[in-house]
Amino acid sequence: MKSFPPSLQDHLDSSTTTIAWCWRLTRGDGAVFGFTDHDQVLIFDGSTFEPGSGFTASELRSGSDLSVDAQEAEGVLTSTIITETDILDGYWDNASVEIWRVNWADTDQRVLLRRGAIGQIRRGRPHFVAEMRSLAHVLGQTVGRTFQAGCDAALGDPRCAVDLNDPAFTASGTVVALSGDRGFAVSGLSGFTEGWFALGTLHWLSGANTGRWAEVLSHAISGADVKITLLEAPVRPVEVGSAFDIFAGCDKHFATCQSKFANAVNFRGFPHIPGQDTIIRYAARGDANAGDVL
């Protein structure tokens, strides 16, 4: 049960209250922002909480079980603090949130009600709606290893140990023509076989998406033309002339790890795990179920 400071509790017990909500958001890049539903600036705990920022919150939904408490915050995209560009660029994704209840007449009377993180953000033409999740959402994340045939390591991470900066696994290219919103012809990849960069990653070095990463769906070659198709359309349209670095992809199969990366010793899957065909097999005459190695 949340206990309130005595001074704030006395104020709440009085016949007239001067209470406001305050939210402090800390983005992944370290920038800190304060918002309040009061009509004046509030300052406490080293932060300034701005009114008139186009930021309001819904009711708080909370339960006694381990389900994720949720609240929604709605804002106007014309705000100078919360801009459409920052939302598109992902600066607000998973930003940490503190929710305070404050006596705006005396900000020393305050209590931190809960902490959480920004979840899904829905954007409309004039406004945005951001979901605020409690810390219980961390309990829903998968931890530990999964017993599966495919590798559960990310290509290039310490468990995988493949050096993606090896010239055999990376290249630099330039967009020369567009094909839809996520496909484009490129130059600079002529020395690689078809599919080498499929399921890999691409890092934009110039253009409207500079600094952003994208997942590669396919890498196709038709004559002298090389085409890259991304898994999802970028935040901003791809521009002809945009430069990028691209890294080889992995389909998580043991054969790929062995032949493409010569890294079978670090394979993090269980390639010999019996499949569903083994589970549904039934007894029959003959050698099929003699107990020999499958």
Q | Output for the range 237-252, where each listed residue is under 18 Å from G191 (Cα atoms) and acidic (D, E) | A | D245
Q. For residues in the range 111-130 being closer than 30 Å to F4 by Cα and within 14 Å of the chain's Cα centre (by Cα), which is modelled with the lowest pLDDT?
A. G119
Q | Residues within the range 140-184 that are more than 24 Å from V226 (Cα to Cα) and not in a loop (DSSP other than H, G, I, E, B), tallied | A | 1
Q | In the range 1-35, the residues that are more than 30 Å from D86 (Cβ to Cβ), touching an Asp or Glu at 6+ places or on another chain (Cβ under 9 Å) and either surrounded by fewer than 15 Cβ atoms within 10 Å (Cβ to Cβ) or among the basic types (K, R) (or both) | A | P5, S7, T18
Q: Could you list, in sequence order, all residues of the range 218-256 that are assigned to a loop (DSSP other than H, G, I, E, B), hydrophobic (A, V, I, L, M, F, W, C) and crowded, with 16+ Cβ neighbours inside 10 Å?
A: V238, A248, C250
Q: For residues that are assigned to a loop (DSSP other than H, G, I, E, B), in contact with a strand residue (DSSP E or B) (Cβ under 8 Å, 6 or more places away or on another chain), of a type in the set (A, V, I, L, M) and more than 18 Å from C250 (Cα to Cα), tally how many sit in the range 185-217.
A: 1
Q: Scan L12, L42, L66, L25 and give me the residue that is at pLDDT below 90 and under 21 Å from A130 (Cβ atoms).
A: L25
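The values are calculated or read from the model by the stated rules, or taken from the named source; none is laboratory data. The structure displayed is predicted, hence computed values, not measured ones. Backbone-built Cβ (ideal geometry, glycine too); neighbour counts: all protein chains shown.
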